[in-house]
Amino acid sequence: MAHGGRNGKRERALRVLADPFTVSAPTGARIRDRLRVSASDAEILRVIGEHLGGYARADLAERIRIGRVPVKANRRAERKRTLTQVSSSRWAGAITRASEDQYQLSLRCLFDERASLRRTIAKIRKRMAVPCGRRVGGVRGYPGRAERAQKQCRLQALTARLAEVERRIEAGHPAIVIGGRRLAKARHNLADAGLTESKWRERWDARRLFLTADGESGAPYGNYTISVEPVNGTVTIVLPEPLRHLANAPRGRYRLACTVSFNHRQEQWLDRIAANRSVRYDIVCDPERGRWYLDASWSTPTTPLPTPAELAATDVRLLAVDLNADHLAACVVDVHGNPVGQPITVPTDLTGTASRRDGRLRQAISELIRLAHQHGCAGLAIENLGFTDARATGRETMGRGKRGKTFRRTVANLPTAKFRDRLAGMAHHADLYVVAVDPAYTSRWGTQHWKAPLQQQSKTTTVTGHHAASVAIGRRALGHGTRRRPGVTAHDQRIVARRTTGQTVTVPRARGNTSPPRTTGTPHQGDKTCRNRSDQLVQFPVSQDHSGRQPASPVYSDSANNGQHS
């Protein structure tokens, strides 16, 4: 706990660091291909989507009216029987399943919003309890009365929002907008959205279509409702019962004139449909581009992943990555926690449209994967960033004024969740592991302990604090402390020129006139022996005093140093 320092100042207690963990692999896969439909096929798809979309919205409204009940009491079987009369049993199953998933997702969003509002309200109340311009118990009051009055108004507004959220949670009635709340609000201000009424209506109707068919193991090609033949890529759709008169194929089916061929993960998709394993298909309309797409998705088996301790025991390297606003700072770390080679900078320009940002993020992750393979790394180490509390409290935590506003915008633009998910998925398919660590003090301790030695080692690269933070991340992922062992930082040209090994391992040297044991890659030291020199070489040379005497050798009975001060 916090206590008074030597100068009478209050010292803050260090955060409790969470243990590193291996990020789980993705539990499913989703691929997409374009449907080059004709005008008649596009019209048929719209008719089917609007017919099923209307019943899907009605079923979702009924599910919301039922409220928060156990799974057995949500009356899904009853609702499915009603929908089967106007569609088919498989379409009805897909509609009721989508309604349940949407309802549960909306409830989770309500719980997250309640937690965020509670954090914000608690932070404002804590600061309002302190007089203006004063600090009590480490809590700083607001600078002036005007700002405090504004916070009082904001507190009342947040309290009213919290009451509404708690009422919805208690009643089990989340607010759901089929088609998107943002697009619904744009209807009242088309000029600012840059849309005309006809274009808005086209987007609105396209988002409210329902053309989703769940897969079924044992069915032909893994899906009976929407099936894709593996030989020629023909797409066939089972029509709902009232639309069977539109069929152009046997058994009430409609066959599209176009074909599909999934290029991405095509072999995996072919293996599943050849074995009649379930594959879900979604037909999506993009009115902005005037295109139709077919998405195929399936679940993948989960395999147990090694823990960070098990990875460290296998003598592996990790590529440690520090995420920043405009670049990724990386450094290769060996099993002993020593940086290997030059620090790496991968630029990322995450500006522009969402698709452009996502493409550039994927490009940066692909470069990280290439670097990991190039340096023989078994995985990547990243920070487990979330900024949940900081984003919820806003100015109460991340500063105020012009400087604080710039910092808050920087934090808000960091794609932490998307970066973690994208990296986990792409690394999994590249046979790499991802280890997430606690981000506490990585930048501070990395700059304090590793920036200067890294710059001393890297003669042609400008080392930044972000590179030093990446070293701290890699060491923490391998179970080592961030701080270096004392006595290994002084500069000595004679020792720097030698090849180095891990600084965190103590190897007893041989006695007598025999040569000391050497690690792989360590040059032979000659026939002579040095009386007070251990065979263990360090990343940075051992300091000497002006008399030229070497410090004493380490005690041979000591266990391996973990990089932390005693």
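Results, tabulated for the structure shown:
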item: Pairwise label distance in nanometres, residue 77 with residue 158, each label 7 Å out on the Cα-Cβ vector; result: 4.7 nm
item: Förster radius 56 Å - calculated FRET efficiency between residue 448 and residue 32, Cβ distance, rounded to 0.05; result: 0.75
item: Overall form of the stretch 57-200 per C-alpha gyration tensor (a/c, 1.5; a/b vs b/c); result: oblate
item: Which of 66, 44 has the fewest Cβ neighbours within 10 Å, and the rest in rising order; result: 66, 44
item: Prolate/oblate/rounded call for the stretch 107-164, Cα gyration tensor, a/c under 1.5 rounded; result: oblate
item: Dimensionless Rg over Rh [the stretch 220-322; C-alpha; Kirkwood]; result: 1.20
item: Residues of type lysines that residue 405 reaches as a straight line, Cα spacing below 21 Å, ignoring anything fewer than 8 places off in the same chain; result: 123, 151
item: Sequence-separation-based contact order of the stretch 205-299, relative, with Cα cut under 8 Å and 6+ spacing, percent; result: 32 percent
item: Additional length obtainable on full extension of the chain from residue 286 to residue 355, 0.36 nm per residue less Cα span; result: 23.5 nm
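FYI, it's all coordinate maths here, none of it is from the lab. Everything numeric in this text was worked out from a predicted model, so none of it was measured. Quick reminder, even Gly has a Cβ in these numbers, built from the backbone with ideal geometry, and neighbours come from all protein chains shown.
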